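Here the structure is laid out as structure tokens; the discussion comes afterwards.
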Amino acid sequence: MTAAAPSPQPAPTFTKDRTRIPIDATHRPVTKRPLALTDALDFWSFAGAAANVVMQMARPGVGYGVAESKVESGALMRHPWKRARTTTQYLAVAILGTEEERLAYREAVNVAHRQVHSAPGAPVKYNAFDRSLQLWVAACLYIGFEDTYQLLQGRMSDEQAEAFYVSSSTLGTTLQVTADMWPATRADFDRYWNEACAQVEIDEFVRAYLNDLLDLRMIHWSLRLPFRNLLRFLTIGFLAPLFRDQLGVEWTATDQRRFDHLFVFVAFVNRFIPRFLRHGSTHTLMADVRRRIRNHKNLI
């Protein structure tokens, strides 16, 4: 009698306690109008930038695509300042740009993405034009904006979160993600996110790359030494338990209290910084994009 083949194991189902960081404070109203993604364009949102890279690269197709990329001019570990500029400008264009500006940036990114694909026979298959991977990256970007906004302003109500989410699809549709691929509602996004997190897996190759990033191996030692520990602390604090486990880092209850207290302090100080200063860097980046387009200069 032939034994029956074992049935495939179902993908794990995750919940928000594994896939999102905790936000405990109650929302402090900053405006009577409905919230929008533009409200999150605060310079403190860069505090979670490295964590967002970890989240994106936790999908093997993205992780290997970045770590093995042959696009030398845009390599994070070789040209960190240029990569930071082009990434933040992409976000500025996606959120603040016109359709024409988004199209121009899409074409510029496509030039680089055409070179990013796995070699024949590679153990991890990837292609920078894979819409499912682009959707994952865009979702990570959205998570980053929502988390930093809530750390500064408190946890949003369902109604506020829905309004905040409405205009977020351009984070993906500025590239190849189609409008119908982007989850229609905030609740749909939660379902997508928890299901997509089942595909998270950081192996030794990608983990080594990410540890070099967190150790700031790509910048001069004089800048590395004073900022390395702070970057690692902020990065781990911005990572949900699932991603911390995959990265192989520890995070204690004491660490969480320190992180929470830090953002209580930052949120308090932030109230006294004029909005034009907190949001000014994004508008400056957008102005640079428009200047480059007018003068027919490279965008990335």
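List of remarks:
- Per-region count, the stretch 51-82, residues within 19 Å of VAL111 (Cα to Cα), part of a helix (DSSP H, G or I) and modelled with pLDDT under 80: 4
- Residue list for the stretch 28-50, filter: closer than 16 Å to TYR165 by Cα, open to solvent by 20 Å² or more (accessible area, probe 1.4 Å) and either outside any helix (DSSP H, G or I) or not polar (S, T, N, Q) (or both): ARG33, PRO34, ALA36
- Count of residues meeting criterion [more than 11 Å from ALA138 (Cβ to Cβ) and either part of a helix (DSSP H, G or I) or not aliphatic (A, V, I, L, M) (or both)] in the stretch 179-191: 7
- Residue match in the stretch 167-178 (condition: closer than 22 Å to TYR209 by Cβ, modelled with pLDDT under 95, not acidic (Asp, Glu) and not in a helix (DSSP H, G or I)): no
- Residues (of a type in the set (Asp, Glu) and more than 13 Å from ALA267 (Cβ to Cβ)) located in the stretch 28-60: ASP39
- Residue within the stretch 202-213 that is open to solvent by 80 Å² or more (accessible area, probe 1.4 Å) and not in a helix (DSSP H, G or I) present: no
- Hits in the stretch 242-257 (condition: touching a residue at least 12 places away in the same chain (Cβ under 8 Å), among the aliphatic types (A, V, I, L, M) and either open to solvent by 60 Å² or more (accessible area, probe 1.4 Å) or outside any helix (DSSP H, G or I) (or both)): VAL249
- Leading residue by the ranking (farthest from the chain's Cα centre (by Cα)) among those in the stretch 258-300 that are basic (Lys, Arg) and in a helix (DSSP H, G or I): ARG294
- Test: residue in the stretch 195-203 that is under 29 Å from ALA25 (Cα atoms), under 16 Å from the mean Cα position of the chain (by Cα) and among the small types (Gly, Ala, Ser): yes
- Residue within the stretch 83-97 that is at pLDDT 95 or above, open to solvent by 20 Å² or more (accessible area, probe 1.4 Å) and aliphatic (A, V, I, L, M) present: no
- Only one of ARG232, ARG224 that is open to solvent by 20 Å² or more (accessible area, probe 1.4 Å) and touching a helix residue (DSSP H, G or I) at 6+ places or on another chain (Cβ under 8 Å): ARG232
Each row is one residue, and each column tells you yes or no for (1) out of contact with any Ser or Thr (no Cβ under 8 Å at 6 or more places or on another chain); (2) buried (at least 23 other Cβ atoms within 10 Å of the Cβ); (3) among the aromatic types (Phe, Trp, Tyr); (4) farther than 30 Å from ALA67 by Cβ.
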residue	(1), (2), (3), (4)
SER132	yes, no, no, no
LEU135	yes, no, no, no
ALA139	yes, yes, no, no
ILE143	yes, no, no, no
GLN153	yes, yes, no, yes
MET156	yes, no, no, yes
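- Inclusion of GLN256 among residues that are closer than 25 Å to THR87 by Cα and of a type in the set (S, T, N, Q) is not warranted.
- Every condition in (1) closer than 15 Å to THR173 by Cβ; (2) surrounded by 15 or more Cβ atoms within 10 Å (Cβ to Cβ) is met by GLU100 except one, and the failing one is (2).
The values are calculated or read from the model by the stated rules, or taken from the named source; none is laboratory data. Because the structure is a prediction, the values reported are computed rather than measured. So basically every Cβ, Gly included, is an ideal-geometry build from the backbone, and we count neighbours across all protein chains shown. Quick note on the areas: whole protein, heavy atoms, side chains included, nothing else; ligands and nucleic acids left out. Shrake-Rupley method; radii C 1.70, N 1.55, O 1.52, S 1.80 Å.
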